[in-house]
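Everything below concerns the one structure shown next.
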Amino acid sequence: MRYKIVAGNWKMNLNQNEAIQLTNDINQYLSNNNLPKQVKVAIHPPLPYLANCVNYISEKNNAVFGVGGQNCYTQTSGAYTGETSPEMLKDIGCQYVLIGHSERRKYFNESHAFLAEKVKKVLETGLTPIFCCGEQLDIREAGTHEAHVGAQLRESLFDLSKEDFSKIIIAYEPVWAIGTGVTASPEQAQDMHAALRQLIANQYDKDIAENTTILYGGSCKPANAASLFSQADVDGGLIGGASLKAESFTEIIGIMAKCLSA
Ligand code: 13P
């Protein structure tokens, strides 16, 4: 189902009190504002705060407001010191999990094959994977960005059945736009999102492609959210820095809602 999603990736930031306060503030905002039915909000707090954040979401907001992990492992349980299984995330009330963020690919050498395993496991567990993809600056400058991102999808996702693929969310995050203050232009985002949708249509079918939620991430903030979200193939954002403050994050949620009613 093609939702519009505003998701916050908190990365390795905030202390426990700040995490609870931020969750509370977003929850309050959602209690006071009725969003269009297809809009969802997600937060991805650091692992130690996840369970606590889940508990600060009021029942009324459960259908709209979800919590997700930033990463998980490929196994259910066992001698894997330091790892977290998708089952554990599900057990504490998570709905989503980020897979293949560029920071995990870069600092933890996560390969296409490993990410494919993770996605499969997450789907088996019944969580929604938000699969991150994106190219580095040199690849963009060489003009091979569509081929590069296409390969990331092909290598990690295209072994999935139609049914499984229809359950995933994709986040296109150009690496050169993450945390840099440089955002992809609305046209650059739209072009990539349309190219990915076409690739999905070729691999699966048009219906699946039309129903895939594709988020944009990379220096998305209140000042540029409207121009990005109003692109035909951009279904919302995966927000880093601007998701750490309730004011900017809720403003972005409001912009998403407004784009739909415009
Ligand atoms: P910024 O919004 O801080 O650029 O981060 C984007 C991101 O990596 C979200 O996953």
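The values are calculated or read from the model by the stated rules, or taken from the named source; none is laboratory data. Worth saying up front: this structure is predicted, and the values here are computed from it rather than measured. All Cβ positions, glycine included, derive from the backbone under ideal geometry; neighbour counts span all protein chains shown. We work out accessible area using only protein heavy atoms, side chains counted, and drop any ligands, DNA or RNA first. Shrake-Rupley method; radii C 1.70, N 1.55, O 1.52, S 1.80 Å.
So, of the residues in segment 1-27 that are within 18 Å of Ile252 (Cβ to Cβ) and hydrophobic (A, V, I, L, M, F, W, C), which turns out to be surrounded by the most Cβ atoms within 10 Å (Cβ to Cβ)?
Applying the filter and picking the extreme gives Val6.
Sort out which residues of segment 199-225 are open to solvent by 30 Å² or more (accessible area, probe 1.4 Å) and in contact with an Asp or Glu (Cβ under 8 Å, 6 or more places away or on another chain), and write them in order of number.
Matches in segment 199-225: Pro222 only.
Is it the case that some residue within segment 129-142 is closer than 25 Å to Thr74 by Cβ, over 19 Å from the mean Cα position of the chain (by Cα) and not polar (S, T, N, Q)?
Within segment 129-142, none of the residues are closer than 25 Å to Thr74 by Cβ, over 19 Å from the mean Cα position of the chain (by Cα) and not polar (S, T, N, Q).
Can you list the helices (runs of 4 or more DSSP H) lying wholly within segment 128-234 that have 2 or more residues being within 16 Å of the ligand (Cβ to nearest atom) and in contact with a strand residue (DSSP E or B) (Cβ under 7 Å, 6 or more places away or on another chain)?
145-157, 186-203, 222-229
If you take the residues in segment 28-51 that are closer than 26 Å to Gly179 by Cβ and open to solvent by less than 30 Å² (accessible area, probe 1.4 Å), which one is nearest to the ligand (Cβ to nearest atom)?
My answer is His44.
Looking at segment 93-112, which of its residues are buried (at least 17 other Cβ atoms within 10 Å of the Cβ) and away from the ligand (no atom under 16 Å from the Cβ)?
Selection gives Cys94, Gln95.
For the condition open to solvent by less than 20 Å² (accessible area, probe 1.4 Å), in contact with a Cys (Cβ under 6 Å, 6 or more places away or on another chain) and among the β-branched types (Val, Ile, Thr), what is the one hit in Ile168, Ile252, Ile239?
It is Ile239.
Conditions: (1) in contact with a His (Cβ under 9 Å, 6 or more places away or on another chain); (2) modelled with pLDDT under 95. Ala232 meets all but one. Number of the miss?
Against the list (1) in contact with a His (Cβ under 9 Å, 6 or more places away or on another chain); (2) modelled with pLDDT under 95, Ala232 comes up short only on (2).
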